[in-house]
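Data block below; observations after.
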Amino acid sequence: MDRKKATVAAAAVGALAGAVGLTVLAMPSGAGAAPVLPPVNPEQLVQSVLSQNEIPALGGTVEGKANLGLPAIPNMPIDLSGVSAKIWSDGTGKARVSTSQTGGEKIMVNDGTTAWTWDSSTKVATKHTFDKAQAPKERPAELNDPASAAKQIIDVVRPHSSISVDGTASVAGRDAYELVLAPAPTERTLLREVRVAVDAEKRIPLRVVVLANGSSEPVAQIGFTKLDIGAQDPKMFTFTPPAGSKVEESTAKFKDAEKRHEEFEKNRKPGEAPKLPESDQFKVVGEGWDTTVAGRLPKLDQLPKDENGKSPQNPMDLIKQFGAKVEGPWGKGYLITTKVGTGLLTEDGRFAAGAVPSQVLIEAIGTVK
């Protein structure tokens, strides 16, 4: 199965691992002896993290892995075994991210007025020009760094959590406090807690670890293994498409989605989940730890055929291999269960996924038209 033929299957199965923000984030970072730090109030620590509008100038290596309990899926174009990336920030909104994977490298650069994405495997460079009045604060979601992503997690689950500081840690040579967010008793989730290592000096998240009920090992982790805080080479925040590249402009639809997302973020209340960019196909149901992603898969005849003119594989054929058949007033379908969450796909193409028990998914499925 090539990537085009696996697109729908990835949407169905990958929603469980990729669309639930609380689990996608998490991956490992180098740890040392726990440092001795002054006591800190948990709420004050949270506020100091959320008040950081920009991460400082830095360069570092981020590594992560996930252990979600998903069954082996041959040819699935999603690798959850490990992630490694190098990131740079100039402290004012400019950023660079470089990720290596089998078959090539992906580079994302925000120079303050223009964002570029480059894929060496396809030799395609995509250009997105910012609104000059908003640059360089405006940035595509893919340029978000781990610290920004961790801040978003804290912001979303904080109103629905108990918060504590559980000692200290050394992450990538930096002293840090271990901030712990655990779901309130009223929350319906399979997750036990999220642990965020917060830099004692700069108050930026250095590592995120997600733990699930019934498992002693992290189901997901993300964090710095190397970190240099300070001014970086200005050349890192510029990009020129390599010779022979195909240059594409981001579409008007993408820009419209960016504007809708920015408007939502301006008015988003604490604890309200971020809106997904493809709101016409997916939506967020619930809030806090109970958040699920629900929607309807596109019909097969609406998807592009591969280079040989063949239609993509029906995702239901793949789901049947490892999902449990279930039915109820909502219809018939298949339930996928992992250590960290569940996914439900109905025979008529509706789906829901989240770090929640199946009953929450059934409620979410009922909201899909």
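Here are a few things to note about the model shown:
- For residue 325 and residue 215, the FRET efficiency from 1/(1 + (r/R0)^6), where r spans their Cβ atoms and R0 equals 30 Å, is about 0.70.
- For the range 171-238, Kirkwood radius (reciprocal of mean inverse C-alpha pair distance, Å): 13.9 Å
- Pairs with C-alpha atoms separated by more than 28 Å, drawn from the list 151/246; 123/369; 123/320; 235/283; 94/151, are 151/246; 123/369; 123/320; 235/283.
- Nearest-0.05 FRET efficiency for residue 36 and residue 121, computed from C-beta distance (R0 35 Å): 0.15
- Separation in nanometres of the label points that stand 7 Å from Cα toward Cβ, at residue 314 and residue 184: 4.4 nm
- Applying 1/(1 + (r/R0)^6) with r as the Cβ-Cβ distance of residue 162 and residue 235 and R0 = 51 angstrom yields a FRET efficiency of 0.65.
- Counting 0.36 nm for each residue step from residue 348 to residue 99 and taking away their Cα separation leaves a gain of 86.0 nm.
Read the figures in this text as sums done on the coordinates, not as results from a lab. Given the structure is predicted, the values throughout are model-derived calculations rather than measurements. Counting neighbours? That spans all protein chains shown, and the Cβs are built from the backbone with ideal geometry, glycine included.
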